[in-house]
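Below is one structure; the comments refer to it alone.
The values are calculated or read from the model by the stated rules, or taken from the named source; none is laboratory data. Predicted, not measured: the structure shown is a model, and the values here were computed from it. For neighbour counting, all protein chains shown are included, and Cβ atoms are generated from backbone atoms with ideal geometry for every residue, glycine included. In case anyone asks, the SASA skips ligands and DNA or RNA and just uses the protein heavy atoms, side chains included. Shrake-Rupley method; radii C 1.70, N 1.55, O 1.52, S 1.80 Å.
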Amino acid sequence: KRSPADPQAGLRMGVPGGWRWRPETLMRQGVQPMPEDVRMEEASLMRESKPPHVSSLVSWSTICHSRTCLVVFLASILALASMCSLWLSSSPASKGRSTGSMSGFSIDAQGLATDEVTAPRTMLSWGEANARAIKAAGMLTEKETLSLVRGFSAPYNKSETEKRQRGYYIGNTAAINHLGIPALKMQDSHNGFRTSDPGEVGTTTQWPCPLALASSWDEALVAEVAAAIGREFRGKGANVMLGPAVNVHRVARGGRNFEYLSGEDPFLGARLVRAFIPAVQGEGVMTVVKHFAFNEQETNRKFIDANINEATAWELYYPPFQAAIEAGAGAVMCSFNQVNGTYACSNHDLLNRDLKKKMGFNGFVMSDWLATHKTDAITEGLDMEMPQGHWFTGERFLQGNSEIAVVNAAVRVITSVYRLRLDEDVSCEPPCIEERRRNVRTASHLDLARKAAAAGTILLRNNGVLPLDSNSVRSLAVIGWAANASDSSDAWHGSPYAGGGSGHVVAPSVVTPLAGIRERASTAGVKVLHYLGDNTYEAEQIAAQVDVVVVVAATLTAEGWDRRNLSVDHRTNTLIWKVCSQKPTIALLESSGAVLTPWRNCVSAIANLFHGGEQTGNAWASLLFGDTEPKGRLPIIFPDSETDTVIPSMDAGFHYSEGMFTSYRSPTFKAAYPFGHGLSYTSFQFGRPRLLVGPHCSAAVCVRTMITNVGSRPGSELVQAYLRFKRKRPSHAKLFLRGFCRTQVLQLGGRDAVTFAFTERDLSLYWVDVGGWVRPMGIEVHIGASSTDIRQRIAIS
């Protein structure tokens, strides 16, 4: 345990007392048994609270009033189980392989559920939902109205005062049955449905983290994964996802950077958010976009005061949130921190002026857990206090004359419920014991998790050693503690596969890098040796026996603390230095965010996968042996040194003094690997761009370029478009990402035309004196393969 006097203690403000924060020593023991009863803390509930009063619990016995109903129900279940058994016995998955899976990849379907895919539901318009909500609000009692603006926590077991009762969720509101308003059952998520009930571990999928999804730059894939996560939520009885987190990275060492779908760029985040939100909500699960706003570091997150100017807010940090609102998000979660001197959850300018008025948000705002600081927050834009009502009580509201604001907040909550048509669902009311016991893992979900992890794998360096040729490479050595690490049974510590914290999904059966590589190598007749220690002499002895060495390195982080530095642990760095001078060496990085690579010119290849989930090992194997092309691109920069980043502030108040000059936008930061970078197994030629006009362009400006595969293998290219504003103000960056598009898979010599359609907003910058977006004169489109690898330019005004 760390002493309070430790200078690093400030990096862990808000973490539950008693936790052992020594990330550099975690997960070095190899594969460990996974206890069934995993210690879990309520999401972000960093202090003990008294159990709230819970009422109106409805069981199945009140729904099925007769014995006949129960008999019919059981008979139906038995018939369905019989049909599923017959289907599984003849399906490819039941024979150990999923349909459409890659070479060497197999799924054991034993114990898995079947994936129930339905057509995405149709939403009501906000106007229609609001009209219904206003009518319903007129029939609410005072108690019912209060129940809509505050949650309740799970009650404690009488015999076990330290454990909450099963069947409840991280966040809960009471149902109002006479109006058909369901209980809101909220669960954490950054890489799947968080398993917080005892015995629930292993019943959901551990997906790649959002930063890994962002590395795919693939909206269709993001939507596919989001829909699958939504189905797992629905299968577990939940109807609210506490996510996605969409903050744009500011601090490279940020402890929750792995959770953020935007990476370091607002345009990338906005595009991916527009894919994620409708996919989840189409499954009947409301999204809660978080953390609004300027929650870009964990250090002192409970009380820091982020001071930021209007232009930086709108240009750099607001766009993903605005995109989420335009995509129909049902709720937004306000953050712990202060913004310009006022706590976010009671900040009128943040919630009422910017979010609800300027962005046009029609849903409701909920607090992060224990982030409410006063009753008047309900008049400043907060609609729901979580996890329970401390400030939002009838007595406090009466003292503050807040009755009208309370009703307006309740209307907003009901509006989101009606818009998503949650009132039409047959849904359990907590405690949802049977739903929480349900196994929602499916063969198709595991296959999709593997596909998503592979798509997020980024090839940073390659001198030709990859893909491995089994004709010349007959033996491999897999080295490093992370090569065979299990997932952490303690969700708050994290692992190489998933960052720690409130959204961590514990996975008892991850495919480790060693297991995935060994299985794939066996099909190619390649011998695999391994060494999981950190003794450099022993590692060199193993390396001497093989043709190629693979070193697996990892960084660990979790909610509640920022990383101490951007390095992998010292001993793994030493291993890489030792073996790379002896044999061709491939470094596989399983990271939480940016990583320093001081040995990059020594190794033969480097690949990165931000916490890739339980299918990490299969993703690595597919990359090494060329079963899938490396499609991933960096959504952040990998800096040359720590000085090429913004570091966490230890001060109670600090200014975003760098403005928009973070990541690739900074004129001083030097990147070892730039934003947007990622290699392929082939090469491409970018043709001269041309403007499209008239009927060929439906946007403000369209630019088309021809991409040709001039390499030696089939492949696809992610083409990126950056705008340079020649007549920008000093506070504006030189380049802004404003477009990206992946070509089709091109055969040798194959060509594909890529068109960028720029909207007026894409061509504009935020001008404070106007209070909005203005399109300046003098714009150039820079087209390339990364923010620094620009191949073509064209002036458009």
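Of note:
- Comparison of GLU144, GLU200 shows that the only residue that is open to solvent by 10 Å² or more (accessible area, probe 1.4 Å), among the acidic types (Asp, Glu) and touching a helix residue (DSSP H, G or I) at 6+ places or on another chain (Cβ under 9 Å) is GLU144.
- Residue match in segment 161-174 (condition: open to solvent by 20 Å² or more (accessible area, probe 1.4 Å), under 34 Å from the mean Cα position of the chain (by Cα) and among the aliphatic types (A, V, I, L, M)): yes
- Only listed residue being touching a Lys or Arg at 6+ places or on another chain (Cβ under 9 Å) and at pLDDT 95 or above, chosen from ALA483, ALA491, ALA455: ALA455
- Looking only at residues of segment 721-735 that are out of contact with any Ser or Thr (no Cβ under 7 Å at 6 or more places or on another chain) and in a strand (DSSP E or B), we find that the one that is most open to solvent (accessible area, probe 1.4 Å) is ARG724.
- The lone exception for GLU629 - which of (1) farther than 24 Å from PHE294 by Cβ; (2) open to solvent by less than 20 Å² (accessible area, probe 1.4 Å); (3) of a type outside the set (S, T, N, Q) it fails: (2)
- ALA183 vs. criteria within 26 Å of GLN281 (Cα to Cα), crowded, with 22+ Cβ neighbours inside 10 Å and among the small types (Gly, Ala, Ser): yes
- Looking only at segment 523-535, residues that are at pLDDT below 95 and either open to solvent by less than 40 Å² (accessible area, probe 1.4 Å) or in contact with a strand residue (DSSP E or B) (Cβ under 8 Å, 6 or more places away or on another chain) (or both) come to 1 in all.
- Scan of segment 772-797 for residues that are closer than 23 Å to THR312 by Cα, open to solvent by 10 Å² or more (accessible area, probe 1.4 Å) and of a type in the set (A, V, I, L, M, F, W, C), ordered by number: TRP773, VAL774, MET777
- Within segment 499-519, being open to solvent by 30 Å² or more (accessible area, probe 1.4 Å) and part of a helix (DSSP H, G or I) holds for ALA515, ARG518, GLU519.
- When segment 455-465 is filtered for residues that are open to solvent by 10 Å² or more (accessible area, probe 1.4 Å) and either within 24 Å of VAL528 (Cα to Cα) or polar (S, T, N, Q) (or both), the ones remaining, listed by number, are ARG461, ASN462, ASN463, GLY464, VAL465.
- Boolean, ALA477 is touching a residue at least 40 places away in the same chain (Cβ under 8 Å), among the hydrophobic types (A, V, I, L, M, F, W, C) and in contact with a Gly (Cβ under 9 Å, 6 or more places away or on another chain): no
- Picking from residues in segment 570-614 that are under 30 Å from the mean Cα position of the chain (by Cα) and of a type in the set (Lys, Arg), the one that is modelled with the lowest pLDDT is ARG571.
Residue-wise test of (1) touching a Phe, Trp or Tyr at 6+ places or on another chain (Cβ under 8 Å); (2) under 30 Å from LEU556 (Cα atoms); (3) among the hydrophobic types (A, V, I, L, M, F, W, C); (4) in contact (Cβ under 8 Å) with a residue 12 or more places away in the chain.
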| residue | (1), (2), (3), (4) |
| --- | --- |
| GLY167 | no, no, no, yes |
| HIS190 | yes, yes, no, yes |
| ARG194 | no, yes, no, yes |
| PRO208 | yes, yes, no, yes |
| LEU221 | no, yes, yes, yes |
| GLU224 | no, yes, no, yes |
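- Filtering SER444, SER488, SER470, SER502 for residues that are of a type in the set (S, T, N, Q) and out of contact with any Phe, Trp or Tyr (no Cβ under 9 Å at 6 or more places or on another chain) leaves a single hit, SER444.
- If only residues of segment 398-424 that are assigned to a loop (DSSP other than H, G, I, E, B) and modelled with pLDDT under 95 are counted, the one that is surrounded by the fewest Cβ atoms within 10 Å (Cβ to Cβ) is ASN401.
- Residue list for segment 338-356, restricted to those being of a type in the set (S, T, N, Q), surrounded by fewer than 20 Cβ atoms within 10 Å (Cβ to Cβ) and either more than 16 Å from ALA409 (Cα to Cα) or at pLDDT below 95 (or both): ASN340, THR342
- Unique match (being touching a residue at least 12 places away in the same chain (Cβ under 8 Å), more than 30 Å from GLY503 (Cβ to Cβ) and in contact with a Lys or Arg (Cβ under 9 Å, 6 or more places away or on another chain)) among ARG665, ARG600: ARG600
- Of the residues examined, SER698 is not one that is open to solvent by 20 Å² or more (accessible area, probe 1.4 Å), in contact (Cβ under 8 Å) with a residue 60 or more places away in the chain and over 17 Å from VAL251 (Cα atoms).
- Test: residue in segment 316-337 that is in a strand (DSSP E or B) and open to solvent by 10 Å² or more (accessible area, probe 1.4 Å): no
- Residue tally, condition small (Gly, Ala, Ser) and in a strand (DSSP E or B), over segment 304-315: 1
- Residue in segment 357-366 that is over 24 Å from SER153 (Cα atoms) and open to solvent by less than 30 Å² (accessible area, probe 1.4 Å) present: yes
- Looking across SER475, SER470, SER427, SER444, one residue alone is under 28 Å from GLN545 (Cα atoms) and open to solvent by 20 Å² or more (accessible area, probe 1.4 Å). It is SER470.
- Candidate set: segment 564-611, residues that are part of a loop (DSSP other than H, G, I, E, B), of a type outside the set (A, V, I, L, M) and open to solvent by less than 10 Å² (accessible area, probe 1.4 Å); chosen: the one farthest from ASP644 (Cα to Cα): HIS611
- Residue under evaluation ARG751, criteria (1) in contact with a Pro (Cβ under 8 Å, 6 or more places away or on another chain); (2) in contact (Cβ under 8 Å) with a residue 40 or more places away in the chain; (3) open to solvent by 60 Å² or more (accessible area, probe 1.4 Å), criterion not met: (1)
- When residues of segment 214-236 are limited to those that are more than 20 Å from ARG742 (Cβ to Cβ) and open to solvent by less than 10 Å² (accessible area, probe 1.4 Å), the one nearest to the chain's Cα centre (by Cα): ILE229
- Contact map, segment 411-432: residues that are farther than 24 Å from GLU200 by Cα paired with residues that are polar (S, T, N, Q), Cβ distance under 6 Å, separation 6+ or inter-chain. Pairs shown: THR415/ASN130; LEU420/GLN281; LEU422/ASN239.
- All positions within segment 695-714 that are aliphatic (A, V, I, L, M) and either touching a Pro at 6+ places or on another chain (Cβ under 7 Å) or outside any strand (DSSP E or B) (or both): ALA699, ALA700, VAL703, VAL710
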